[in-house]
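Q: The following block contains the structure, expressed as structure tokens.
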Amino acid sequence: MSTHAFRMQLKPGVVDEYRRRHDEIWPELAELLTASGIHDYSIFLDEETLALFAVLKLRDDNSRDALPGHPVMKRWWDHMAPLMEVEPGNRPKEWPLVPLFHLD
């Protein structure tokens, strides 16, 4: 198992809508993420900068790399694109975070 952390960026004025969409996450998306080996997934907001910080755990046999080609993932990215900085194809821009400290 490994931990993956990254930063994303919201656009101004969309925090409430971003939260609402995640509070109502599509069951098929949640199932896809779990089936892909992702669990214990959290996203945090820095209210001052609108930066999102995501942390998730990956099972050793995860298939996370296949997610960008999945129709449900593409649909979710299209749904979220108006709220975030995105790459071509609407994948959210991600900046990896380097682990510096961990305490069990």
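The values are calculated or read from the model by the stated rules, or taken from the named source; none is laboratory data. Here the structure is a predicted model, which means the values were calculated and not measured. Cβ placement follows ideal geometry from the backbone for every residue including glycine, while neighbour counts extend to all protein chains displayed.
Q: Looking at the range 1-24 only, could you name the residues that are touching a residue at least 60 places away in the same chain (Cβ under 8 Å) and part of a loop (DSSP other than H, G, I, E, B)?
A: 11, 14 - these are the residues of the range 1-24 that are touching a residue at least 60 places away in the same chain (Cβ under 8 Å) and part of a loop (DSSP other than H, G, I, E, B).
Q: Examine the range 74-89 for a residue that is surrounded by 13 or more Cβ atoms within 10 Å (Cβ to Cβ), modelled with pLDDT of 95 or more and assigned to a strand (DSSP E or B), and state whether such a residue exists.
A: yes
Q: How about the range 12-41: which of its residues are touching a helix residue (DSSP H, G or I) at 6+ places or on another chain (Cβ under 6 Å) and either surrounded by 15 or more Cβ atoms within 10 Å (Cβ to Cβ) or on the phi > 0 side of the Ramachandran plot (or both)?
A: Of everything in the range 12-41, those that are touching a helix residue (DSSP H, G or I) at 6+ places or on another chain (Cβ under 6 Å) and either surrounded by 15 or more Cβ atoms within 10 Å (Cβ to Cβ) or on the phi > 0 side of the Ramachandran plot (or both) turn out to be 14, 18, 29, 32, 36.
Q: Among (1) surrounded by fewer than 14 Cβ atoms within 10 Å (Cβ to Cβ); (2) more than 13 Å from residue 3 (Cα to Cα), there is one condition residue 99 misses while meeting the rest; what is its number?
A: All conditions are met except number (2).
Q: Sticking with this structure for a sec: Residues in the range 31-64 that are touching a Ser or Thr at 6+ places or on another chain (Cβ under 9 Å) and part of a helix (DSSP H, G or I): how many?
A: 2
Q: Let me ask something additional. Is at least one residue of the range 47-57 out of contact with any Phe, Trp or Tyr (no Cβ under 8 Å at 6 or more places or on another chain), loosely packed, with under 10 Cβ neighbours inside 10 Å and either free of Cβ contacts under 8 Å to residues at least 12 places away in the same chain or at negative phi (or both)?
A: Yes: the range 47-57 contains one or more residues that are out of contact with any Phe, Trp or Tyr (no Cβ under 8 Å at 6 or more places or on another chain), loosely packed, with under 10 Cβ neighbours inside 10 Å and either free of Cβ contacts under 8 Å to residues at least 12 places away in the same chain or at negative phi (or both).
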